Amino acid sequence: MLKKIISCFLVLIISTNAPALIFADTVSDSEVIRPKQMEYLTRGAIGAVIDGNVYLSWRLLGTEPMDTKFNIYCNGEKIVNNLDNTNYTHISGNKNNKYQISAIINGEETAKSDYVNILQGTKDADLSKGEFDSVPYAYFDIPIEPPADGDDYTYKNNNMSNPVFSEPRLALGGANDASVGDGEYEIILKWYPSNAHDNSEDGKTGNTYIDAYEMDGTKLWRIDLGKNIRSGSHYTQYIVYDFDCDGKAEIAMKTAPGSIDGKGKYVTDAGNTDAIKNTNNTISYVNSRGRILEGPEYLTIFNGKTGQAMQTIDYYPERGDINEWGKKNDNGNRVDRFLAGVAYLDGVHPSLIMCRGYYGRSVVVAYDWNGDNLIKKWVLDSGTDSKNDFYGQGNHSLSVADLDNDGFDEIIYGSAAVDHDGKLLHSTKWGHGDALHVSDFNNDGKQEIFSVLEEKPNWGAAYRDGKTGEAFWHNIAKGDTGRGIMVNAGKNHNPLVFTSFTDINDNKTYFFDVSGKALPTLKKIEKAGFAVYWDGDLYRELSDGLIISKVKDDYGMIKIWDAGINNNVEPNNSTKNDICLQADLFGDWREELILRHADNSALRVFISLAPTDYKLTTLMHDSQYRCAIAWQNVGYNQPPHPSYYIGPDKKDYKQPDIKTTPIAPISIENLNANSEKINFDSIIESKTNIETAVVSASLYNSDGTLVDYKNSDTSFEMNKSKTINFELDKKGFENLTLKIFIWDSFDNMKPIFETYSYNVPL
């Protein structure tokens, strides 16, 4: 009887509240109807033996209250109760211990985590001592497989003096930028040949490859972009994200005739038109200067698990007249400048952002992926008139943030910003620049934008209001300012500083405070292209390549970590001195760094072991930070920033307004239907924050009314695969839509996941 009552109650909920449960395609500008849909994460615990003790670190999830406490178990016995932190040092612990973490939410203990992977920690002994100590760290390696070398290029050695390099100063060969997907985090890695070229240079290149690896080095697939995609930092911007919110990441990037997917098939096989499907994939469009200025261009979205091309469409915008992209007769330097990103344009679901041009004509295009088709959402095109406010304002990168605090993301396109609806939000008309940083830098709950500039007469650096574009200050320099960063770096820094390295005023390196005033003590300092949360305080450290530095009270800098000591690793992207990826991949809110071995045989993942008294949610559940991880590989890599201010002067930190998608969710198999009945198996492999759940199947008519419904007779364990057979009554209707829902336990009755639509056969 209880099951019948519950079943009727579930039917009532679905039938009376169907619009609230259906995966929304659009959201009105007046309000965001529900939390952002983000990836499911496990506890992500990591540990290491250091100084005879075991250091443990784990995530506070964005779906958990800020007052969540934790229990720690060692070999099945509770050793810590009600800990108000996300790291702990077990004195005299050992590597053989089996540790587990459980959360206490509203007084109830949740399921224990998987056993914590315990690494061996270390500490740099060679760093000079100052007012800051060297930070202990651990690492593990991910074996990778370099592509086969060509006759005059290699993927195995990035030694700048190697004679195969036609342009040694631009040598880019080997493992390059990386990204992550799927919550359990596979690594998506880009490979460049040693003869990769910047757009400003002529020269033929080898192929660009995109690989996927599990954390243990298991290779999942390889995409070969082929001879008609040139290798270099401005050509291939790839975005890894779960665009259809089904718990599985997709990868989107520009492709061309000859591009081969992870299944060994041409991407044109997945074309959405006959013209694409019938493409001649044997033709080379590379001209005598190594440029590719004719031939088809495509946008392909790939399956993250298999690398299979799911759909290929024509790239928009097409080249057209290459002289309309900013400079005549520049041999394609301007037309082949691409950017990409991901943004929550409706405030709930992620959209793909693909771009072309930034020195002159600039075009931003937004797409939605519904699991079957890429759907163009909107286009912003500056056109070719230099008087257009969007013309020529782009950087070598972009950023994504909710600039006007309305719940919807905007795209920061250098000196301009694009609103969530594809209209121009603001433009400073400062023109092009290299570095770009967006966050709540001054702790006012709003977004600010810092950038460096290289267009005369706006050389220098500027700090502006995110919503209006109004300049708080704009320091004019004598020439192109190539690097700069804004970061909360220490207690005496008012509280914000930035560093810049070329031609600010008198060609010196400066710190500035948040008002734009040069600070009085001007010391020789380390370079810094990135900023990272690495030690135990709430200030951010400055980093460049292999080195992390702390800003001293007298505005000098001291190294607190150097990956070049006893680690055979190298940065990439030549003078940009980038690492493969910086992200909050494991443990608490501090960030991990991924660099490549010098021989490109493996990636090394570095993890800080600095204890901290501060508890924040994982940065990967802050949507602005998570989107930044997706676009970090784009153009000239920029560090990820959270949407909120972090510092000891902040009073409180709020739980993000998100919900998470289960990993490896529902699939439908053995679907059969006649005019009256539909029968199918629902395969459930999902994971969520709860232990058990209920499954329901709902059949909707074309007008959205419920036709038939059935729920599973019993709840099932979420971490185990489950096959449930359903039979529903079609009642003679056609054009029906089937949806599968996962609900919380019979007691809570909360919908925690729904699939995309399945079209029911006649």
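The values are calculated or read from the model by the stated rules, or taken from the named source; none is laboratory data. Source: prediction; values computed, not measured. All Cβ positions, glycine included, derive from the backbone under ideal geometry; neighbour counts span all protein chains shown. The protein model used for the area step is the full one, side chains on, heavy atoms only, and it has no ligands, DNA or RNA in it. Shrake-Rupley method; radii C 1.70, N 1.55, O 1.52, S 1.80 Å.
Of note:
- Qualifying residue in the range 430-439 (condition: open to solvent by 10 Å² or more (accessible area, probe 1.4 Å), farther than 21 Å from residue 349 by Cα and within 21 Å of the chain's Cα centre (by Cα)): yes
Residue-wise test of (1) open to solvent by less than 20 Å² (accessible area, probe 1.4 Å); (2) at pLDDT below 95.
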| site | (1), (2) |
| --- | --- |
| 423 | no, no |
| 426 | yes, no |
| 447 | yes, no |
| 455 | no, yes |
| 470 | no, no |
| 486 | yes, yes |
| 503 | no, yes |
| 516 | yes, yes |
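- Taking each residue of the range 281-293 that is more than 21 Å from residue 325 (Cβ to Cβ) and looking for partners that are not in a loop (DSSP other than H, G, I, E, B) with beta-carbon atoms closer than 7 Å, six or more apart or interchain, yields 281/266; 281/268.
- Number of positions in the range 613-642 that are surrounded by 20 or more Cβ atoms within 10 Å (Cβ to Cβ) and part of a loop (DSSP other than H, G, I, E, B): 14
- Only one entry in 226, 206 is within 21 Å of residue 303 (Cβ to Cβ), part of a loop (DSSP other than H, G, I, E, B) and open to solvent by less than 20 Å² (accessible area, probe 1.4 Å), namely 226.
Condition check ((1) surrounded by 22 or more Cβ atoms within 10 Å (Cβ to Cβ); (2) of a type in the set (A, V, I, L, M, F, W, C); (3) modelled with pLDDT under 95) across all residues:
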site	(1), (2), (3)
236	yes, no, no
245	yes, yes, yes
249	yes, yes, yes
254	no, no, no
264	no, no, no
283	no, yes, no
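- Residue in the range 266-274 that is on the phi < 0 side of the Ramachandran plot, out of contact with any Ser or Thr (no Cβ under 8 Å at 6 or more places or on another chain) and open to solvent by less than 90 Å² (accessible area, probe 1.4 Å) present: yes
- Here is the figure for the range 65-89: residues that are open to solvent by less than 10 Å² (accessible area, probe 1.4 Å) and outside any strand (DSSP E or B) total 2.
- Residues located in the range 29-51, provided they are at pLDDT below 90 and either part of a strand (DSSP E or B) or crowded, with 21+ Cβ neighbours inside 10 Å (or both): 40
- A single member of 719, 735 is under 25 Å from residue 182 (Cα atoms), assigned to a loop (DSSP other than H, G, I, E, B) and at pLDDT below 80, and it is 719.
- Against the conditions (1) closer than 30 Å to residue 407 by Cα; (2) buried (at least 20 other Cβ atoms within 10 Å of the Cβ); (3) at pLDDT 95 or above, residue 54 satisfies every one except (1).
- Of all residues in the range 346-359, those being under 16 Å from residue 431 (Cα atoms) and surrounded by fewer than 23 Cβ atoms within 10 Å (Cβ to Cβ) number 1.
- Filter result for residue 287 (surrounded by fewer than 23 Cβ atoms within 10 Å (Cβ to Cβ) and more than 19 Å from residue 191 (Cβ to Cβ)): yes
- Of the residues making up the range 382-421, just one is open to solvent by 60 Å² or more (accessible area, probe 1.4 Å) and in contact with a Ser or Thr (Cβ under 8 Å, 6 or more places away or on another chain), namely 389.
- From the list 118, 104, the one residue that fits, being open to solvent by 10 Å² or more (accessible area, probe 1.4 Å), within 25 Å of residue 622 (Cα to Cα) and assigned to a strand (DSSP E or B), is 104.
- For the range 459-468, taking the residues that are touching a His at 6+ places or on another chain (Cβ under 8 Å) and of a type in the set (A, V, I, L, M, F, W, C), the one that is modelled with the highest pLDDT is identified as 462.
- Some residue of the range 452-465 being under 21 Å from the mean Cα position of the chain (by Cα) and touching a residue at least 24 places away in the same chain (Cβ under 8 Å): no
- Test set (1) closer than 24 Å to residue 600 by Cβ; (2) touching a Ser or Thr at 6+ places or on another chain (Cβ under 9 Å) - residue 213 fails condition number: (2)
- Assessment of the range 164-184 against the conditions (at pLDDT 90 or above, in a strand (DSSP E or B) and among the acidic types (Asp, Glu)) yields at least one matching residue.
- Scope the range 596-612; condition closer than 20 Å to residue 90 by Cβ, among the β-branched types (Val, Ile, Thr) and either modelled with pLDDT under 95 or buried (at least 20 other Cβ atoms within 10 Å of the Cβ) (or both); matching residues: 607
- Test result for residue 61, assigned to a loop (DSSP other than H, G, I, E, B) and touching a residue at least 40 places away in the same chain (Cβ under 8 Å): yes
- Qualifying residues in the range 532-566 (those that are over 13 Å from residue 489 (Cα atoms), in a strand (DSSP E or B) and of a type outside the set (Phe, Trp, Tyr)) - the one nearest to the chain's Cα centre (by Cα): 544
- Those strands (runs of 3 or more DSSP E) of the range 290-348 that lie entirely within it include none in which at least 2 residues are modelled with pLDDT under 95.
- So residue 141, is it open to solvent by 30 Å² or more (accessible area, probe 1.4 Å) and not in a loop (DSSP other than H, G, I, E, B): yes
- Search result, residues across the range 690-706 that are among the aliphatic types (A, V, I, L, M) and either more than 15 Å from residue 679 (Cα to Cα) or open to solvent by 10 Å² or more (accessible area, probe 1.4 Å) (or both): 690, 693, 694, 695, 706
- Among the candidates 334, 319, residue that is open to solvent by 10 Å² or more (accessible area, probe 1.4 Å) and in contact with a Gly (Cβ under 6 Å, 6 or more places away or on another chain): 334
- Only residues that are within 26 Å of the chain's Cα centre (by Cα), assigned to a strand (DSSP E or B), of a type outside the set (Val, Ile, Thr) and modelled with pLDDT under 80 were counted in the range 651-675, giving 1.
Table: residues versus (1) modelled with pLDDT of 95 or more; (2) not in a strand (DSSP E or B).
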residue: 355; (1), (2): yes, no
residue: 364; (1), (2): yes, no
residue: 371; (1), (2): no, yes
residue: 384; (1), (2): yes, yes
residue: 391; (1), (2): yes, yes
residue: 403; (1), (2): yes, yes
residue: 420; (1), (2): yes, yes
